[in-house]
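Each remark here refers to the structure printed beneath this line.
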Amino acid sequence: VLGLRRIRVGTYDHAGHFAGGGQRYVAEMSAIMQDRYDVTYIFNNDVKLSDYKDWFDLDLTRSAMKVIRIPFFEKINRYTPDEGMVLSEVSNPFDIISRESLNYDIFVNANMLGKVNPLSPVSIFVCHFPDQEKRRFFQVDKHDHLIINGDYTGEWVKKRWQLEPTNKLYPPVNMYNPASTPDHKENLILSVSRFEVSGSKKQIELVQVFSEMCRQYPEDVRGWRLILVGGSTPG
């Protein structure tokens, strides 16, 4: 208000150590905000902001970062915090992140973790899809702004959470890459999704269907390739 310092923004991504579309989405936001505000990335696992340069060709060196480990998931050696595992606990394991949000003017909950109660003056919840049902410690409705990445997500937010999105912000796409032309197209099917133990991105089904196509229609798929690309957990 007095112009004595820049606005402080805290961006929390519990899966920020794991390259994926959600990380790219919010990293683009932070790359823009870091020249205007003091941006701090909040992670639960070890990661370097230089990794984002390797993953997405985004320079976040003008942002700060902080790693806050959550004891509940450290005890069970969980690689990425999973709010679905918080069922009958007396206290909310994510309260440690809520307390951290007090240090910022704007708190961005970047990756759909619905159990963080924002305590900053302004709070933003970024939703790519409402994976979790409304259960114990549900805090999405405590955020000032609920950002969706498109109408499909918005409809599910209304259906599953009975909440009205406040903003729609489509994922950033580089539409003007000079190296991409129709002349360079190949006969390939490309799936870009992280590899998860649950198989939620359906890579196994893609392989099964493509394999069946090769058996049933060998002439039609001759020269075609199926390529699966994505980050994965260790092992």
**Prompt:** Relative to the longest principal axis of the chain, what angle (0 to 90°, nearest 10) does the C-alpha long axis of helix 151-161 take?
**Reply:** 50 degrees
**Message:** To test your reading of the geometry: what angle, between 0 and 90 degrees and rounded to tens, separates the Cα axis of helix 21-33 from the longest principal axis of the chain?
**Reply:** 50 degrees
**Complete:** Quick calc, Val209 & Ala64: beta-carbon distance into FRET formula, R0 45 Å, rounding 0.05, result 0.50
**Item:** Selection from Pro218, Met65, Ser198 lying farthest towards where the dipole of the chain points positive, charges on Cβ
**Value:** Met65
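Sorted by accessible area (1.4 Å probe), largest first, how do Asp183, Asp105 line up?
Numbers: Asp183 140, Asp105 40 Å².
Of Asp183, Asp105, the descending order of accessible area is Asp183, Asp105.
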**Prompt:** Got a number for carbon plus sulfur as a percent of region 147-200's accessible area, 1.4 Å probe?
**Reply:** 56 percent
**Prompt:** Magnitude of the Cβ-charge dipole of the chain, K/R +1 and D/E -1, about the Cα centre, nearest 20 debye?
**Reply:** 420 debye
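If you count only protein heavy atoms with a 1.4 Å probe, what accessible area per residue comes out for the chain, rounded to a whole Å²?
Result: 59 Å² of accessible area for each residue.
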**Request:** Please determine, in degrees from 0 to 90 and to the nearest 10, the orientation of helix 203-216 with respect to the longest principal axis defined by the Cα atoms of the chain, where the helix direction is its Cα long axis.
**Result:** 10 degrees
**Message:** Once you place label points 7 Å from the Cα toward the Cβ at Leu169 and Ser193, how far apart are they in nm?
**Reply:** 2.5 nm
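Could you work out what % of the accessible surface of region 1-69 is carbon and sulfur, using a 1.4 angstrom probe and leaving DNA, RNA and ligands out of the count?
Details: 1740 of 3410 Å².
That share works out to 51 percent.
The values are calculated or read from the model by the stated rules, or taken from the named source; none is laboratory data. Note that this is a predicted model, so its numbers are computed, not measured. Don't worry about glycine lacking a Cβ; one is built from the backbone with ideal geometry, like all the others, and counts go over all protein chains shown. Calculation scope for accessible area: heavy atoms of the full protein, side chains included, ligands and nucleic acids excluded. Shrake-Rupley method; radii C 1.70, N 1.55, O 1.52, S 1.80 Å.
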